[in-house]
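Notes follow the structure.
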Amino acid sequence: MRVRCSLLRVWGQVVVLEGLLEEEIIVAEYHKKIKDAFEVFDHEANNTVDVREIGTIIRSLGCCPSEGELHDLIAEVEEEEPTGYIRFEKFLPVMTEVLLERRYRPIPEDTLLRAFEVLDPSKRGFLTKEELIKYMTEEGEPFSQEEMEEMLSAAIDPESNSIHYKDYIAMMVVDDS
Amino acid sequence: MSTHDLEDMGCGTSSSTKDRKSEKALKAALVIQNWYRGYSARLKARQRYALTIFQSIEYADEQGQLQLSNFFSFMLENYTHIHEKDPELVARLFGSTLQDCKDRQEYVSCIDVPDSYNGPRLQFPLTFTDIDILVEAFKQQQILHARYVLEVLFETKKVLKHMPNFTHVKTSPSKEITICGDLHGKLDDLFLIFYKNGLPSGGNSYIFNGDFVDRGKHSIEILMILFVSFLVYPNDLHLNRGNHEDFMMNLRYGFTKEILHKYKMHGKKILQILEDVYTWLPIGTIIDNEILVIHGGISESTDLNLLHHIERNKMKSVLMPPIPLDGEDHDTDLKTKVGATIIPREVKTNGSLSEQLTKHEWEQVIDILWSDPRGKRGCYPNTSRGGGCYFGPDITSKVLNKYQLKMLIRSHECKPEGYEICHDGKVVTVFSASNYYEEGSNRGAYIKLCCDMTPRFFQYQVTRTTCSRPLYQRVNAIESSAIRILKERMISRKTDLIRAFQLQDRSKSGKLSMGQWAFSMENILGLNLPWRSLSSHLVTTDKNGNINYMSSFQDIHIQKPVKEAQSTLIETLYRYRSDLQIIFNVIDSDHSGLISMEEFRAMWKLFNSHYSIHIDDFQVDELAERMDLNKDGSIDFNEFLKAFYVVHKLDKLSKSDGNLP
């Protein structure tokens, strides 16, 4: 019994060590990925980005924080005295944690579909332009006018002036993958 | 939806049900908004990645361009051989301008404008009506007759000659000034600016900060409008020279081709005069003794006093650095910023070569036309472009303080929003060619300035249709265009890439990790891009996340013109095709598109030895022979070049290489 236990303990440590090494490699790859995304927005090549681009960077890495969650993240990476710029040195560790913990997972397709269906209780299969505008600009974390216009340009079928959400989702999901 | 909710509908609902319903709606809205913001952000990131690709390739090309200057200097070492064969070549390269002085009356007056000509007619001396006439005519896609083009060019040169190197301008509360950046032949952008901001006039001053030509399809039209406006309002329309106001750049980037195409009879003459007009363009403008407006940037050694006094018209081209004359000290070898040292031997001149700037003066001008600001402190050679430097915020402060200036306004770099402010507000970039790389790639902008007021920025974007496409379609278009260009780049370095991959692939499995693949790509292609994010467009990965590195080369191949020619030869020719085109265009002095077999062989051998390309002379000869299809001893070089286009197997809209100017 004792021998087997000690063997198990040694074996367990080896497995843990291998796991740690694997994690190091994963972390290294995450670091590079984050650096790549950051650099594309770092116009002056001085390891800072405008704070207004942080949301885009985080989302381009596959995460989907809400506006509120984004706000908290920004607070974590900002300077003591906010300068309007975020430094890479502060951003990297925070973002690595987010990726490792798989936080802010994206919305699955069927959840998105159900959300549209909630807003369309009579199950017509579509929302009118006015209804979409009302929900998106008055509820939840409201869209800005620019966001609303952007969404409408792709979503609204000009003939019926409505969004057929099933088709819309199908189209967007393909494009996003 | 639960039946519970259905039951509640229609009846007088209790407040708790109402709350529950609106809570559901709230949650649903949150889900949709969250999803949409994620999707929209990823779209914008993709757009930004595509722009990065375009930009890094553009700058890598410019670097290649500047390396040509080494080549021309190298040609001088073999000068005697070339001189024997083609004495005109050297004269061409280091052009004497003796001929055209007397030409004007004789040449222009010989050109008749027929009655059948339906295009715009100008009347000298020019007035504001002529500006209107031109704008309206160009909107109708008309072409200005060569006679008027030449007359405008001659007049412009005559007036420019009297202008100082830097134009000094004053604003007043009632008189703002508008500053526009690169236009690059995009006539629609100029029209849009005039539409929003008014035509130039005594009360509406403009500064155009260089790069009026190349790339876009209407460079000559832009030039004509700007020059005519300048002739009508010489004190209110200010032109600064850009790095593309250079006849050698035009050879590569499209303007030369545009002229020869639109003006088949008089194109050569137009090009000849243009070379000269460029050299007389002022180097910069200074507003209210406070704001310096120049095309590129500065370096730590920028000496404005010197620049005020040099003979600017001796700056012919960035590709023609000054060479030491007989008896000059050869210790001061010309070291280009790219790092290569050129040691020209003693060169016999006929006097025309003394018409050049000193090395120091020449470098000062290059810095002004080619430099870029960066966040890093200090001053470094501009390795992307191969000329000028990168200058940091400390350099900006130092130089601005030295001359008691407050701000530097420059252009030269495409910015997504059309403008960008950096170095603590001291440096502003303004770029006026919207959709520069592709439809939807970027906005254009202009600046309005007045006295002590803060500058105002105006943005715009030209669209072909009144109803713009949704963002995702525009991003898809830019992205596929950028990826296509990147793939062509990869194909041109295929052999080197595969070698690098195989070196890392010990087990010869055909697979590499993401890190290994990205490393080789960056190393061989010399492009600083987010390879991990781009990998999905360029290679296939297996289920373990490993890269199948050969998969990039499977859906593109270079169409071979001659079956027997070897792969590396084709690849090499493809990679250097732009350089080859320029050199051959220079040799083809009558722009006939034909060069003799001997010229082809000689040029290729010279090129060969300079760029250390290991291609057998024999192979090139074979190729040359095969190219001469009608066996008349000359090669139609344009056909030869066109033969090397990259075919995308999967691309139904395959067209010939868009990179050929």
Problem set entry | Label-point separation, A:E138 to B:K217 (7 Å along Cα→Cβ), nm | 4.8 nm
For this session: Pop the C-beta distance of B:N118 and B:M265 into the FRET formula with R0 = 22 Å and round what comes out to the nearest 0.05.
Result: 0.80
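So how do B:D288, B:D182 rank on accessible area, 1.4 Å probe, biggest first, that is with the largest at the start?
Highest to lowest solvent-accessible surface, that is B:D288, B:D182.
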Exercise. Along the charge dipole of region A:66-126, which of A:L73, A:T111, A:Y85 sits closest to the positive end, that is, farthest toward it, with unit charges on the beta carbon of Lys, Arg, Asp and Glu (+1, +1, -1, -1)?
Worked result: A:T111
Problem set entry | Over 28 Å (Cα to Cα) - which of A:K166/B:K487; B:K186/B:K264; B:K406/B:K448; A:K90/B:K27; B:K186/B:K376; B:K161/B:K359 fall in this group | A:K166/B:K487; A:K90/B:K27; B:K186/B:K376
Problem set entry | Potential lengthening between B:A477 and B:K508 on full extension [0.36 nm per residue; Cα-Cα distance subtracted] | 7.5 nm
For this session: Compute the distance in nm between two label points, each set 7 Å from the Cα along the Cα-to-Cβ direction, one at A:S153 and one at B:M163.
Result: 3.7 nm
Exercise. Given R₀ = 25 Å, FRET efficiency for A:D176-A:E23 by Cβ-Cβ distance, to 0.05?
Worked result: 0.30
Exercise. Using Cα atoms only, what is the angle between the long axis of helix A:2-41 and the major principal axis of chain A, expressed in degrees (0 to 90) to the nearest 10?
Worked result: 40 degrees
Exercise. Probe 1.4 Å, all protein chains in place: accessible area of B:I395 in Å², nearest 10?
Worked result: 10 Å²
Problem set entry | Computed magnitude of the charge dipole of region B:367-464 (debye, nearest 20; Cβ of K, R +1, Cβ of D, E -1) | 220 debye
For this session: Past 32 Å, Cα to Cα, is the threshold; run B:K170/B:K196; A:K35/B:K21; B:K158/B:K426 against it and keep the listed order.
Result: A:K35/B:K21; B:K158/B:K426
Exercise. Simple spin-label model, 7 Å along Cα-to-Cβ: B:S536 to B:D632 in nm?
Worked result: 5.5 nm
Problem set entry | Accessible area of B:F457 in the full protein assembly, 1.4 Å probe (Å², nearest 10) | 60 Å²
Exercise. Pick from A:I74, A:I133, A:I34: which is most flexible by mean-square fluctuation in a GNM of chain A where alpha carbon atoms under 10 Å apart are linked?
Worked result: A:I133
Exercise. What FRET efficiency do you get for A:V94 and A:E117 if R0 is 41 Å and r is their Cβ-Cβ distance, rounded to the nearest 0.05?
Worked result: 0.70
Problem set entry | Within 10 Å of each Cβ in A:55-64, the average number of Cβ atoms from other chains | 6
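The values are calculated or read from the model by the stated rules, or taken from the named source; none is laboratory data. Quick caveat: nothing in here was measured; it's all calculated off a predicted structure. Cβ: placed from backbone, ideal geometry, glycine included. Neighbour counts: every protein chain shown. Accessible surface areas use protein heavy atoms only, side chains included; no ligands, DNA or RNA. Shrake-Rupley method; radii C 1.70, N 1.55, O 1.52, S 1.80 Å.
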